[in-house]
Amino acid sequence: MWFDTGAPTDSFYEVRAECSDVPKTRFKIKAGKTLSERRWKAAFSPEGHLDMTRMLSRIQRGGIHPTIRGEVWEFLLGCYDPKSTYEERDQIRQRRSGDCMLMEVDKVVEKKLMEQYAKWKELCCQMFPVIGSGRYITAPVITEDGQPIHDPLVLLEANPQLGLAHPQDNGKAEHSELSTSNSLETNKPTNHPPMDKKEIQWKLTLHQIGSLSFLKVSLDVVRTDRTLVFYEKQENLSKLWDILAVYAWIDTDVGYCQGMSDLCSPMIMLLEDEADAFWCFEHLMRRLRGNFRCTDSSVGVETQLSNLGLVIQVIDPKLHQHLETLGGGDYLFAFRMLMVMFRREFSFGDSLYLWEMMWALEYDPDFFSMYEETDSSGETAEGSKGKPKSISQYGKFERENMKNKIKSGEAPLPISVFLVASVLKEKSSKLLTEARGLDDVVKILNDITGNLDAKKACAGAMKLHRKYLKKQDNGNFEYWENPFAEVARYLSRQQTYICRSRKLRKIGVKP
């Protein structure tokens, strides 16, 4: 019997020739399994209504063809309602990009237009002209009290009209710096209007998004996917920087945190229009922003790490006890997997395949309506979701959560927690026999980089999810049988929580 081994996809995400150690992509395009452009187009009615149910099963079986990946992601992330028409989506796209004529809309829509990407970017550009200039900055531009920094390097970066040279300019860098130095001295701003706290905080984060690559100080934008040919072009790096800078301005609670560039980078590559890429990233952050929200005493991802500990304790008590004995009961070794959704554990192409399978499994047809209601009312639209015609419109993982929520009334855990749990479960034997300290745990988990199968990982996560729900339904939690032992475990966990923030700082995360 003929068997389709699939077509490789590495050509869609070309790697730089000098990067020979980059893991190969395992995901392959398979006829009859991968969602193709033909099947995608056939899923729309003449008016533009999308049969999302058929698409979810296809994505779960074989992923999405790279040529339509960006367009499909917009539906998976809730940027568009599958029940909308072509005309309605065009109106939404124009509204979000800021291309509509304000004179042609009423005051309500006008107010909403003013909040869209083009308006936000224009406002950011007025506060800091490098935004939208095709460049990015990598050095601090103000002090903590809001005073401008007059360092020559800062002035060069903050004044693109004077001809800032980046590493791509090769030998022209020294000449550019010398020829513009006098001009910079005479063009120092003398009057600085007072900045409010929000603007000061925003400007203090801008250089963290960029990178002083030519001074060998590697930060986020230039470091992000630096093995890909796509990011050899400065215009693509600057687009990534612009989107992250605008997002940092509108989301004052979170701002910019390390790891966001890893989540935004694929959007830049898959969606040519900058506004579309921004909104795709913004909708993804609505799911993940809790992981990045930090206080002086905690980091948002701690909640997911605690959930991971609970899951492992239920499905593999021996492994959980072993990790606690080694001092890893806080599960900080899994921090990176949850923060950037396995971007470091998979090749670039395989991480995209993993993401779309996760989103298809977690899909909720009411994502769009929930997000739109949140935007218009400023409040979470929990409980106001419309009732779909069939439960089949939900992803497989979400359907199982819905059934269990009716029984338990508890909020469901995200699939990412079960993905990490499936990796730990797969390595359970090795962790139990070879890990004699946290360094061994980290080493064993680092060895999985490039060696994981995305489809098997999702299948393993679903299997553990069902097992977890079954034990939850049966009340088969081992520690319930001994309340005194549970109290001891609780006190032990509290002790680890006290040290957790310090450990996070040591690995480079600032609360």
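The values are calculated or read from the model by the stated rules, or taken from the named source; none is laboratory data. Just so you know, these numbers come straight off a predicted model, no measurement behind them. Here the Cβ positions follow ideal geometry from the backbone for every residue, glycine too, while neighbour counts run over all protein chains shown. Quick note on the areas: whole protein, heavy atoms, side chains included, nothing else; ligands and nucleic acids left out. Shrake-Rupley method; radii C 1.70, N 1.55, O 1.52, S 1.80 Å.
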Item to check | Within the stretch 439-478, considering residues that are free of Cβ contacts under 8 Å to residues at least 40 places away in the same chain and of a type in the set (A, V, I, L, M, F, W, C), the one most open to solvent (accessible area, probe 1.4 Å) | outcome: ALA459
Item to check | Filter result for ALA381 (among the aliphatic types (A, V, I, L, M), modelled with pLDDT under 85 and either in a loop (DSSP other than H, G, I, E, B) or within 24 Å of the chain's Cα centre (by Cα) (or both)) | outcome: yes
Next on the checklist: When you check VAL487 against the structure, is it of a type in the set (Val, Ile, Thr) and modelled with pLDDT of 95 or more, yes or no?
Outcome noted: no
Checklist entry - Is there a residue in the stretch 218-232 that is open to solvent by 30 Å² or more (accessible area, probe 1.4 Å), among the polar types (S, T, N, Q) and within 21 Å of PRO66 (Cα to Cα)? => result yes
Item to check | Residues satisfying the stated conditions in the stretch 61-81, i.e. under 20 Å from the mean Cα position of the chain (by Cα), assigned to a helix (DSSP H, G or I) and not β-branched (Val, Ile, Thr) | outcome: ARG69, GLY70, GLU71, TRP73, GLU74, PHE75, LEU76
Next on the checklist: Go through the stretch 225-277 and report how many residues are assigned to a loop (DSSP other than H, G, I, E, B) and polar (S, T, N, Q).
Outcome noted: 3
Checklist outcome for this item: The correct count of residues that are in contact with a helix residue (DSSP H, G or I) (Cβ under 6 Å, 6 or more places away or on another chain) and either open to solvent by 10 Å² or more (accessible area, probe 1.4 Å) or within 14 Å of LEU464 (Cα to Cα) (or both) in the stretch 390-415 is 10
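Yes/no per residue for (1) of a type in the set (A, V, I, L, M, F, W, C); (2) within 30 Å of ALA7 (Cβ to Cβ); (3) under 11 Å from the mean Cα position of the chain (by Cα):
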residue	(1), (2), (3)
ASP276	no, yes, no
ARG289	no, no, yes
PHE292	yes, no, yes
LEU308	yes, no, no
GLN313	no, no, no
LYS318	no, no, no
GLN321	no, no, no
PHE335	yes, no, no
PHE348	yes, yes, no
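Yes or no, residue by residue, for (1) out of contact with any helix residue (DSSP H, G or I) (no Cβ under 8 Å at 6 or more places or on another chain); (2) β-branched (Val, Ile, Thr); (3) surrounded by 15 or more Cβ atoms within 10 Å (Cβ to Cβ):
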site: MET52; (1), (2), (3): no, no, yes
site: LEU56; (1), (2), (3): no, no, yes
site: ARG61; (1), (2), (3): yes, no, yes
site: HIS65; (1), (2), (3): no, no, yes
site: LEU76; (1), (2), (3): no, no, yes
site: TYR86; (1), (2), (3): yes, no, no
site: ILE92; (1), (2), (3): yes, yes, yes
site: ARG96; (1), (2), (3): no, no, yes
Item to check | Cβ-Cβ under 6 Å pairs, at least 6 apart or on other chains, the stretch 390-418 side assigned to a helix (DSSP H, G or I), far side at pLDDT 90 or above and acidic (Asp, Glu) | outcome: PHE397/GLU362; GLU398/GLU362; GLU398/ASP364; ILE415/GLU362
